Amino acid sequence: MAVLDWLSMALVGAGTLFFIAGSIGLLRLPDVMTRLHALTKADNVGLGLIVLGLSLQTSGPMEVVRLLLVWALALLTSSCACYLVAHATLQARRETGHDS
Amino acid sequence: MTTPIVYASAGVAMLCIALFGFLTARHVLRRILALNIVGSGVFMMLVALAARPDPPDPIPHALVMTGIVVGVCVTALALALLRRMFADEGSARLPEDREFG
Amino acid sequence: MTADAAALDILLAVLLVFLVWRLLTLSDLFKATILFIVFGLLLSLAWVRLRAPDVALAEAAIGSGVTGALVLDALRRLGAHGAVDEARPLRLNLARLSGGLLVACLGAILLWSVLSLPAGWRGLSAEAMAAMPHSGVTNPVTASLLNFRSHDTLLEIAVLMLAVLGVWTLDAEPKPSAEPAGPILDLLVRILLPLMVVVAGYLLWAGGHAPGGAFQGAAVLAAGGILLHLARPFYLGNHVIIRLVIGFGFAVFLAIGVMLVVGGGRFLEFPSRHAGTLILVVEAAATISIALILLALFVGNVREGAGRDAP
Amino acid sequence: MTGFMMFMAATVLASVALGLCRVLLGPTRADAMLAAQLLGTGAVAVLLLLSHATARSHLADVALVVALLASVVSVAFVRRLKPVGGHNGGA
């Protein structure tokens, strides 16, 4: 049990690190496309690791299913939303010829 | 129990800042946002005070939920008024606030 | 109350107040709108910390789904010029000074009254908990909304209908037509829309015994409709069928109230034997109506790209 | 264990709140939108962590709703506004 606790804490901690990295990336990287890249790491890997870490602590299989469903939804919506924002940015760049 | 006090104070601060913003803002959209936040400040005070007993008092929760749903409708109606005014008069400010166009 | 929890609470509270201050002073209203949407998200975290998960669900669904889409849509109508407010140097004149003083006094009074409440003050929670066995449900918030304070909820639905009438009356400018949705947006809608319907049903069903209920379900359903409308614009209008569905929840609620009077009881006083069933019926009808009302508030009354072009 | 989860929740919240500076810095509207998206995901993570730390499993429902509706604002942004341009307006 103690091993499971340590593993879960390590996974959640690693997920949190990805969130920190995503925020720093969002602030430090030079333009929209590269910032998008930083964002998706936090979305997919950060939340994924936290979900995995919490799954080790749940009382029943239904809660694991719910956690995984939340992660799957976040994966779907964040990847689609990022694609849409990137696509629209490219389109607007093509129309106006500049980025800002 | 410090949690309710922290949030109740934040609610008071939000209410006051937003009320002052509502009084001084010229752009109607900002006024609509400010009015929304005044509501949120009131809700936060209510829910924070409801969290002090255990279990929490459900009556303020019900009031706040009603308030949130009515709030979104008021926002929608206000935005429709703003759109209409902007379409008809070309300005997003009320007539008495238009010295800057 | 641990130090970690206190840190989280204080961080969240400071963040909320900071967001309010920034979004009321930024000159770019687009940024202000984004901060407003973020504010709604953080507000639902605050409701969770204050042990009000029902309110958190409603805020999450309405704040991030419906209100955000509404304000962004309004920003488009204002165009690039209308979305910029003058930077506000805030010259002090008499009106502003006195307004500020009044607001500060109000804040001081409120703060004093919040801090001076006696520690043992329990509000109405004891009365509400004592009445729970007769309410027909086990979630106290649902019991308050649909049973203890059902007059409020009935009239609230009436207010929502009035708001729709107002929006229908005001909408005159045709919306510019949208570009066709790409394959990714289509895919997103195709997957999310059925899930939203399922989650709305789940929240409606869960409302009797866990956080959830008619408002939360309706807000999720309306967000689904808004998503669909954003991808593939459709005309809702004020057709008679739409009007009937919008009035349906109110009508069912009222009919049950009148039936109770006819049966010898008092208006909207549910007999505890049937209260659970009646509440579920009212909630189901109200969910459909409120969802359509929220959607109608977003869609408005004009056809996409119809009529004259925008000047 | 619960203290650790609470601490992690506060850390995630602090880091995504730091990302909000991107909304203020801009320069394009898409940048502001990205920061809002990051905060949405951060809110989901905080809710899940809180649901474990306070032993209230129904908080995961709130996380579910936030995750479900996170894309609505992004779609509204893409379909209603041009992502480029802020102060002086784009296009």
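The values are calculated or read from the model by the stated rules, or taken from the named source; none is laboratory data. Not measured: the values here are computed from a predicted model. Note that each Cβ is placed from the backbone with ideal geometry, even for glycine, and that neighbours are counted across all protein chains shown. These accessible areas exclude ligands, DNA and RNA; they are computed on the full protein's heavy atoms, side chains included. Shrake-Rupley method; radii C 1.70, N 1.55, O 1.52, S 1.80 Å.
Below are the figures for this structure:
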| item | result |
| --- | --- |
| First in the stretch C:52-73 and outside the structural domain of residue C:290 (by TED's automatic domain parsing) and over 10 Å from residue D:73 (Cβ atoms), second anywhere and polar (S, T, N, Q) and modelled with pLDDT of 90 or more, Cβ under 7 Å, 6 or more apart | C:56/C:44; C:57/C:216; C:58/C:216; C:59/C:44; C:60/C:44; C:61/C:216; C:70/B:75 |
| In the stretch C:234-293, the residues that are charged (D, E, K, R) and over 19 Å from residue C:207 (Cβ atoms) | C:243, C:266, C:269, C:273 |
| Residue check for residue C:40: touching a helix residue (DSSP H, G or I) at 6+ places or on another chain (Cβ under 8 Å) and more than 7 Å from every other protein chain (Cβ to nearest Cβ) | yes |
| Listing of helices (runs of 4 or more DSSP H) fully contained in the stretch C:51-161 that carry 2 or more residues being more than 14 Å from chain D (Cβ to nearest Cβ) and open to solvent by 30 Å² or more (accessible area, probe 1.4 Å) | C:94-115, C:125-131 |
| Sole residue being over 17 Å from residue C:57 (Cα atoms), more than 7 Å from every other protein chain (Cβ to nearest Cβ) and either at pLDDT below 90 or buried (at least 23 other Cβ atoms within 10 Å of the Cβ) (or both), chosen from D:81, D:34, D:25, D:38 | D:25 |
| Matching option when the condition is open to solvent by less than 30 Å² (accessible area, probe 1.4 Å) and touching a residue at least 40 places away in the same chain (Cβ under 8 Å), among B:51, B:76, B:62 | B:51 |
| Top-ranked residue of the stretch B:26-43 - restricted to ones that are at the interface with chain C (Cβ under 7 Å from one of its Cβ atoms) and open to solvent by less than 10 Å² (accessible area, probe 1.4 Å), ranked as modelled with the lowest pLDDT | B:27 |
| Residues being open to solvent by 70 Å² or more (accessible area, probe 1.4 Å) and touching a Ser or Thr at 6+ places or on another chain (Cβ under 9 Å) - total across the stretch C:268-292 | 1 |
| Residue satisfying all of: in the stretch C:21-36; within 19 Å of the chain's Cα centre (by Cα) and open to solvent by less than 10 Å² (accessible area, probe 1.4 Å); farthest from residue D:36 (Cα to Cα) among these | C:33 |
| Those residues of the stretch C:265-283 which are farther than 16 Å from residue C:149 by Cβ and of a type outside the set (S, T, N, Q), in sequence order | C:265, C:271, C:273, C:274, C:276, C:280, C:281 |
| Qualifying position, being closer than 25 Å to residue C:57 by Cα and at pLDDT 90 or above, among C:207, C:247, C:213 | C:247 |
| Filter result for residue C:198 (open to solvent by less than 20 Å² (accessible area, probe 1.4 Å) and free of Cβ contacts under 8 Å to residues at least 60 places away in the same chain) | no |
